[in-house]
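The values are calculated or read from the model by the stated rules, or taken from the named source; none is laboratory data. Keep in mind that what you see is a predicted model, and the values were worked out from it rather than measured. Neighbour counts are summed over all protein chains in view; Cβ atoms, including those assigned to glycine, are modelled from backbone coordinates with ideal geometry.
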Amino acid sequence: MRPRVLIIEDEEPIAQAEKLILEEYYEVHHAKDGDVGLQMVEQLMPDLVVLDLMLPKRGGYDISFTLRQNPKFSGIKIVMVTAKTLQSDEEKGLLVGADHYLTKPFEPEQLLETVQRVLGNVSPTN
């Protein structure tokens, strides 16, 4: 069974690009805003969430913190992918529970390698 990844991203072209990068190796799902994203986490129990910070309805920091406060979701890995490039933004992302912080724009290989590494070097072909 392939690891399950949920992309929470409101910009459709970015979400589609991320999905295209990951779907060969992972079961990929997409939510367009923070509220739907949290609902989908509950339903899908993904192995990893690719999380934008600036989202409608509920931001990425809030989603990450919410997931980390619930023991049911403690095993879900979080990769924040954002245009926010300040060191303080990254520190806040890690503080609220992100496992990795990746800034946009990024190369396709960077996203794939980050997801692989955060999932524990699990071979994507498993």
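List the number of the failed condition for residue 85; all other conditions in (1) closer than 23 Å to residue 1 by Cβ; (2) modelled with pLDDT under 95 hold.
Of (1) closer than 23 Å to residue 1 by Cβ; (2) modelled with pLDDT under 95, only one is false for residue 85: (1).
Mind checking whether some residue in the stretch 52-74 is among the small types (Gly, Ala, Ser), within 21 Å of residue 110 (Cα to Cα) and in contact with an Asp or Glu (Cβ under 9 Å, 6 or more places away or on another chain)?
Yes - at least one qualifying residue is present in the stretch 52-74.
Taking the stretch 16-39 as the region of interest, how many residues are under 22 Å from residue 66 (Cα atoms) and in a helix (DSSP H, G or I)?
The total comes to 6.
Do you know which residues across the stretch 24-43 are touching a strand residue (DSSP E or B) at 6+ places or on another chain (Cβ under 6 Å) and closer than 18 Å to residue 2 by Cβ?
The answer is 26, 27, 28, 29, 30, 40.
Taking the stretch 2-16, which residues are without any contact (Cβ under 8 Å) to a residue 24 or more places away in the chain and among the hydrophobic types (A, V, I, L, M, F, W, C)?
15
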